[in-house]
Amino acid sequence: MTSSTKRHTLKRTPVLHLVMPGVEVARVEPLPRETVTAFLRRTGWATRDSKYGWQFKKGLPTILEIDGEAVLRRDWRRRRIGAKDNVRFVSYPLGGNGGAKQVIGLVALVAVAAFAGPLGGAIATSLSLSAGFGTAIGAGLAIGGSLHVSAARQVNFQFEEFYNVRS
């Protein structure tokens with residue numbers, strides 16, 4: 001087997017696109033001698049904007065890591081992806097309208113805390129239970145209410161259609 005034949009039959013390490021906190025949204029094998037920019041054009045993971053440079057899907061800020069080291073965007077045009085290079089595009093969601101969600105969540109938690117104790121007491125009284133049971137019911141309402149508020153505020157990752165392919 002000649003060296004040129006070996007070069008073309010080498011199993012290439014796929015390039016990954018991860019969205020933090022570690023969701024893999026895409027995986028594609030690079031072509032031999034392909035540069036980072038040629039890879040992005042071929043896969044459609046990002047588009048080149050004349051004013052802002054490479055823009056990834058959903059407008060996510062993205063870092064390129066090759067073998068664990070960050071590569072500056074100005075070097076992407078010349079940087080070739082080697083067969084054994086460990087290449088990862090790592091995107092960081094900005095959170096969208098997280099500020100409003102946080103305020104609404106805080107207001108909901110204050111409301112749960114304000115009403116859980118008196119409501120627990122009222123429930124215990126209506127069931128002819130002691131004050132200790134009222135405290136326990138109020139604590140249960142506070143815990144249950146805070147869990148519901150937390151569940152409503154969680155980020156919903158839906159990346160099946162990120163690149164119109166399933167990863």
By a straight-distance test (C-alpha under 12 Å), which aspartates and glutamates pair with residue 57 as possible cross-link partners, with residues fewer than eight away in the same chain excluded?
161
Give me, ordered by chain and number, the residues 5 or more places off residue 26 or on other chains with an amide H under 5 Å from its own placed amide H.
17
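The numbers here are math on the coordinates, done by the rules we state, and not lab data. Computed from a predicted model, the values in this text were never measured in an experiment.
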